[in-house]
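For reference, the structure discussed in these notes is given below.
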Amino acid sequence: MRFLAAIGDLRQTLAAEVRAGERAATQAVRSETEALKRELREQVTTGFASKGRGIAQAWRSQIFPRSGVSLRAAGLVWSKVPNVIDAFERGALIRAKGGRRFLAIPTGFNAARGWRGRGDKGLRVTPAQVVASGQGFLRPFRSGRGFVWCLPLRQGTATGKRRRTRLIAGGVAEVGTAHRKGREAWARGLLEQGMVPMFLLLPQVQLRKRLDVKGAAERAGARVTRRFVALWEAEAGRAA
């Protein structure tokens, strides 16, 4: 009877240890998965400043199992824009493809939040539209490595309560619609110049390495074991 009682106590003790281990494993994986996602998002915001907010928020995470606890808990962190992440982690060299000589890189004037009529708000002007306008012209870089693809600029009819100057590029797009300090002086300076750069034409672009996804994942993997052991000991102590 004493032997059977001891075996019964041992089974209960082992079952309690397993349950504590399951809770510890799941919590450790959840914590480090979230920590990894935060670090990767911080890498993007640090490397790209305010322009990287969308890329940073594209990082996602998931814990398995989706509910409950398990000693075999696992975490997954991924990006919705993997090609962008890969390019800036490797410092990729991007070349024009499909027989084209140049990459067409939109300038800040050809911004995604510019105006192109009521129905097309928020879209960039495409190279095909610049060609179709028949008004695009090139200005070579001093280095000779590429060109600035421009459209002629004219003044549109002032609108709104503030009667702000409207700038129309080649009859294709309106530029300079943002609320900015000194906007009128900035607009007049562009009008005096008589043109606005829409694209930079370059044969290739060497991206600077800005991200270290592999290093972040390795650091999270090293931490999860230590966190698991500490949490298991704490869980076992509470169970006792």
Which of the aspartates and glutamates could a cross-linker bridge to Lys209, judged by Cα under 17 Å and excluding same-chain residues fewer than eight apart?
Glu39, Glu42, Asp86, Glu89
Which residue, chosen from Ile94, Ile63, Gly75, occupies the Cα position most advanced towards the positive end of the dipole of the stretch 39-111, where the dipole is computed from +1 (Lys, Arg) and -1 (Asp, Glu) charges on Cβ about the Cα centre?
Ile94
Find how much the distance from Leu10 to Thr107 grows on full extension, using 0.36 nm per residue of separation minus their present alpha carbon separation; answer in nm with one decimal.
27.8 nm
Would you mind computing, in nm to one decimal, how far apart the modelled labels at Glu17 and Arg223 are, each placed 7 Å from Cα along Cα→Cβ?
2.9
Within-14-Å neighbourhood charge of Gly215 [Cβ basis; K, R +1; D, E -1]
+1
Around Arg145, under 14 Å between beta carbons, what's the net of Lys plus Arg minus Asp minus Glu among the other residues?
+4
Going by a ≥ b ≥ c, the root eigenvalues of the Cα gyration tensor, does the stretch 12-102 fall in the rounded group (a/c under 1.5), the prolate group (a/b larger than b/c) or the oblate group?
prolate
Calculate the dipole size of the stretch 51-106 relative to its Cα centre from +1 charges on Lys and Arg beta carbons and -1 charges on Asp and Glu beta carbons; express the result in debye to the nearest 20.
240
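Taken together, the values in this text are just the output of simple stated rules run on the coordinates, not laboratory data. Quick caveat, the model's predicted, so the values are computed rather than measured. Ideal geometry is used to build each Cβ from the backbone, glycine not excepted, and the neighbour counts take in all protein chains shown.
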